[in-house]
Amino acid sequence: MKRICIALADHVASFCSLFFSYSFLKYSKYFRNRIYSFMVKRNFKNCGKNFYIESPIYLHGAQNIQIGDDFFCFERLRLETFETHNQFTFNPKITIGNNVSINYDCHIGCINSITIGNNVLIASKVFITDHFHGLPNLESLTLPPNKRGLVSKGPVVIADNVWIGEGVTIMPNVTIGKNAIIGANAVVTKSFPENAVIAGNPAKCIKIIQ
C-alpha cells in the first residue's frame, strides 16, 4: 500500500510540474513571505519600511527589538530577548539599523544590549550573544547549566558596513568597528577597530585595510 501511495504521489507531482514552473513556485513563495512579513512586523517595538523575512522566524521578546528600513532575512532567523530567566530580571534591547541583510539559520540572543549598525551583511549560521549561562566559578558548577542565571559581561556593538562571514560567533562585551570583515567560523571574544580583517578561533586581526 505504501509503494502504491508513493507511486501515485509521484505521478501527481509529475503531472502538476507540467503546469507550474520553478519561476511560479519562486514567486508564489515570495508572495507568501510578503504576507508573513507584515504579520510578524507588528510584533516589534519599532520596524521600518520595506521589511522582508522568509518563514519561519523564531521570536522571543520582540517588544524589545527595533529594526530600521530595508531589512531582509532568509529562513529560520532566531531573535530573542529575555526580560526574566530563573527569577532574574533584565532590561534587554536589540537595535538593528537600515539595510541589514541576514542569511539562513542565524541566532541573536540578548539580555543586555545588542546593536547592529547600517549596511551590515550577515552570512548563514552566525551566532551573536551578549550573555552566558552562569559565571565560570565553583558556585555555578553546583547547578545544572539550565538552572544557572544568565550573566552579561557587556553589550555587543557591530558598527556600520560590517561583513560577518559564515558560521561566525560573536561573544559578549565586543565592539566591531566600521567596515570590518570577519572571516568564516571566527569566534570573536574581544573588540576590533574599524577596517579590520578578522579571522580565527579565538579571532585575531590579520590586517587593517588602509
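What follows draws every value from the coordinates through simple rules; no lab data is involved. Note that the structure is predicted; figures quoted are calculated from it, not measured. Neighbour counts are summed over all protein chains in view; Cβ atoms, including those assigned to glycine, are modelled from backbone coordinates with ideal geometry.
For Asn185, the residues whose amide H sits under 5 Å from its own are Glu166, Gly167, Val168, ignoring neighbours fewer than 5 places away on the same chain, with H placed 1.01 Å from N.
To the nearest 0.05, what FRET efficiency results for Val187 and His133 with a Förster distance of 22 Å applied to their C-beta separation?
Working: r = 17 Å, r/R0 = 0.77.
Efficiency, from the Cβ-Cβ distance: 0.80.
Here r is the Cβ-Cβ distance between Lys49 and Asn195 and R0 is 25 Å; the resulting FRET efficiency, rounded to 0.05, is 0.25. How many percent of DSSP beta bridges within the chain run antiparallel, rounded to 5? Here the share of antiparallel DSSP bridges comes out near 15 percent. Between 0 and 90 degrees, the angle of helix 22-41 with respect to the longest Cα principal axis of the chain falls at about 50 degrees.
Relative to the longest principal axis of the Cα atoms of the chain, the long axis of helix 2-17 lies at roughly 90 degrees. Let's test the formula: R0 of 22 Å, r as the Cβ-Cβ distance of Asp105 and Thr142. What FRET efficiency results, to the nearest 0.05? That pair, Asp105 with Thr142, gives E of 0.05. Once the Cα-Cα distance is subtracted from the 0.36 nm per residue extended length, the Gln210 to Arg34 segment shows a gain of 59.3 nm.
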